Amino acid sequence: MKGSKDHLIEKTFEAFFELEDMREIIRRSLPTGMSAVEEDAFMKSTANLKSVIEALEKGASEKQANFPQIVDRIGLRYREEGNINIQPIQAAGRLTPEARKALISYGDGYSTCDSCRKPFRLDKISRPPIADFHEELAGFVNMDTARVVPGARRGFQAVTSSLVEKDDPVIVSSLAHYTEFLAVEAAGGKIREIPLDDDNKVDVDSTAEKIEDVIREDGKPPSLMMMDHFDYQYANEHDIKSIAGVAHDYDIPVLYNGAYTVGVMPVDGKKLGADFVVGSGHKSMASPAPSGVLATTDEYADLIFRTTQMKGDVTGRKFGIKEVEMMGCTLMGGTLLAMMASFPHVKKRTQNWDEEVRNSNRFMEEFLKIEGNKVISEYPRRHTLTKVDTTQTFDKVAKEHKRRGFFLSDELSKLGIVGMFPGATRAWKLNTYGLSREKIDYLSDAFKEIAVKYNLNVD
């Protein structure tokens, strides 16, 4: 039962926190050992830990859980332990056990700099193997050079600030993420959107027409095209390879937005015709936020990863090894090490993408048995993120329910399912990535159970 699992979660976190208190006592002690006072405090914590372990050994309890606070006003986050989370942007960002362990060990601010030596740059550090990790990232997406960045948006910004001049047109999809807009605006450029076809997708012909329109209206070709492989609004797949081919016919460099692909499915940047590949660590690479990757080819590496040329007019100081767009160094501490710790698993899981998509379709088949439910995204699904329409089903219930649209998230929460936007009963998104077949079936049954409860027809 849910209550008994809550008890196990509570006690597990209590054990973690007690161990951290013990760790703090060790940290505060001298290198030669603990004082008598410290030893006494350590033994008291040990006794507390034993009592928590004893409670865990007794197994699940029906009593009400009393979740510990981290500090005042910061409660415990246990949605992944206690529920099935279908939140669209969280599913592929769940940390691996290895990443969580890395956070515990490397959480101190500048922990990555313990062994930083000349030339004093993040991607050159060999202990831990951060330099090797950068090389592996480049190979992972089949590009020549890669850097870690604080999220995909900083990857966009690094490229736009390097390539886009004032009033330069930049072509994007009509489904482009807002951070693509901001990156172009920050560089002084202007957005030009490719219209969508009837299936809410970008096609090759529309791409060519838009480029011609831009050249005619602006008097010059776009300085960059930014294109999503799977967009964030519908998660429809866009023919990025053909679209990139059209852009290259006009000598326009292409930024591949892999926020929803890099880390969940195989991505071959060169095969797809990308000049830049951007991925999101916290969205799709089982990494903490903010984290991401920016990779490019040899053609653009010297520009995007250019080093500073500035010199102090009084001191004459120079920092030539520091990369301008990376602000010298980017990800540090636990964020980077957790990303690295997850990477072996991330590489392996991309080979199971077909199974993830099958699970997505397995759920959608059951979801559509509720008469009136619709899939707004392309169907059958090619991704685990999906936009659905329940206007003719759950939204009709919401109109009569005292909780209005919040009734659906309430009902799902009772069944241990979280992540849908509270109050949404018309068009909304969910993501099944990483769910086992057992959880997919549980999720399917939950929606049908709620439908039956409110007298909706289920096939």
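The values are calculated or read from the model by the stated rules, or taken from the named source; none is laboratory data. Since the model is a prediction, treat every value here as computed from it, not as a measurement. For neighbour counting, all protein chains shown are included, and Cβ atoms are generated from backbone atoms with ideal geometry for every residue, glycine included. With ligands, DNA and RNA removed, areas are computed over all heavy atoms of the protein, side chains included. Shrake-Rupley method; radii C 1.70, N 1.55, O 1.52, S 1.80 Å.
Consider Arg192 carefully, then state whether it is over 30 Å from Pro344 (Cβ atoms) and in contact with a Lys or Arg (Cβ under 7 Å, 6 or more places away or on another chain).
yes
Could you check, for region 82-101, whether at least one of its residues is more than 30 Å from Tyr442 (Cβ to Cβ) and either open to solvent by 70 Å² or more (accessible area, probe 1.4 Å) or aliphatic (A, V, I, L, M) (or both)?
no
Within the set of pairs 6+ apart or on separate chains, which have a first residue in region 134-148 that is in a strand (DSSP E or B), a second that is open to solvent by less than 30 Å² (accessible area, probe 1.4 Å) and among the polar types (S, T, N, Q), and C-beta atoms under 6 Å apart?
Thr145/Thr296; Val148/Thr330
Filter region 38-78 down to residues that are β-branched (Val, Ile, Thr) and exposed (fewer than 10 other Cβ atoms within 10 Å of the Cβ) and give me whichever is nearest to Glu18 (Cα to Cα).
Once the filter is applied, the top-ranked residue is Val71.
Tell me which residues, restricted to region 340-378, are under 19 Å from Arg437 (Cβ atoms) and among the small types (Gly, Ala, Ser).
Ser360
Among the candidates Pro88, Pro97, which residue alone is without any contact (Cβ under 8 Å) to a residue 12 or more places away in the chain and under 26 Å from the mean Cα position of the chain (by Cα)?
Pro97
Can you tell which of Gln64, Gln87 is in a loop (DSSP other than H, G, I, E, B), outside the structural domain of Leu415 (by the TED database) and modelled with pLDDT of 95 or more?
Just a single option satisfies the conditions, and that option is Gln87.
If you check Ala295, Ala286, Ala247, which single one turns out to be surrounded by 22 or more Cβ atoms within 10 Å (Cβ to Cβ), part of a helix (DSSP H, G or I) and either in contact with a Ser or Thr (Cβ under 7 Å, 6 or more places away or on another chain) or modelled with pLDDT of 95 or more (or both)?
Matching residue, one of Ala295, Ala286, Ala247: Ala247.
Give me the pairs, please: first residue somewhere in region 430-459 and modelled with pLDDT under 95, second residue anywhere and in a loop (DSSP other than H, G, I, E, B), beta-carbon distance under 8 Å, and either six or more positions apart or on two chains.
Listed pairs, sorted by first residue: Asp459/Lys369; Asp459/Glu371.
Conditions (1) under 24 Å from Phe140 (Cα atoms); (2) in a helix (DSSP H, G or I), marked per residue:
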| site | (1), (2) |
| --- | --- |
| Asp313 | no, no |
| Gly316 | no, no |
| Gly320 | no, no |
| Gly334 | yes, yes |
| Ala338 | yes, yes |
| Ser360 | no, yes |
| Glu366 | no, yes |
| Glu378 | no, no |
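Residue by residue through region 271-283, note down the ones that are crowded, with 24+ Cβ neighbours inside 10 Å, of a type in the set (A, V, I, L, M) and part of a helix (DSSP H, G or I).
Matches in region 271-283: none.
Out of Lys322, Lys311, report the one residue that is open to solvent by 10 Å² or more (accessible area, probe 1.4 Å) and either within 22 Å of Ala92 (Cβ to Cβ) or free of Cβ contacts under 8 Å to residues at least 40 places away in the same chain (or both).
Selected residue: Lys311, the only one of Lys322, Lys311 that is open to solvent by 10 Å² or more (accessible area, probe 1.4 Å) and either within 22 Å of Ala92 (Cβ to Cβ) or free of Cβ contacts under 8 Å to residues at least 40 places away in the same chain (or both).
Among the helices (runs of 4 or more DSSP H) confined wholly to region 391-459, which include 1 or more residues that are under 24 Å from the mean Cα position of the chain (by Cα)?
406-414, 437-453
Provide a single number: the residues in region 250-266 that are surrounded by fewer than 23 Cβ atoms within 10 Å (Cβ to Cβ) and either acidic (Asp, Glu) or touching a Gly at 6+ places or on another chain (Cβ under 6 Å) (or both).
1
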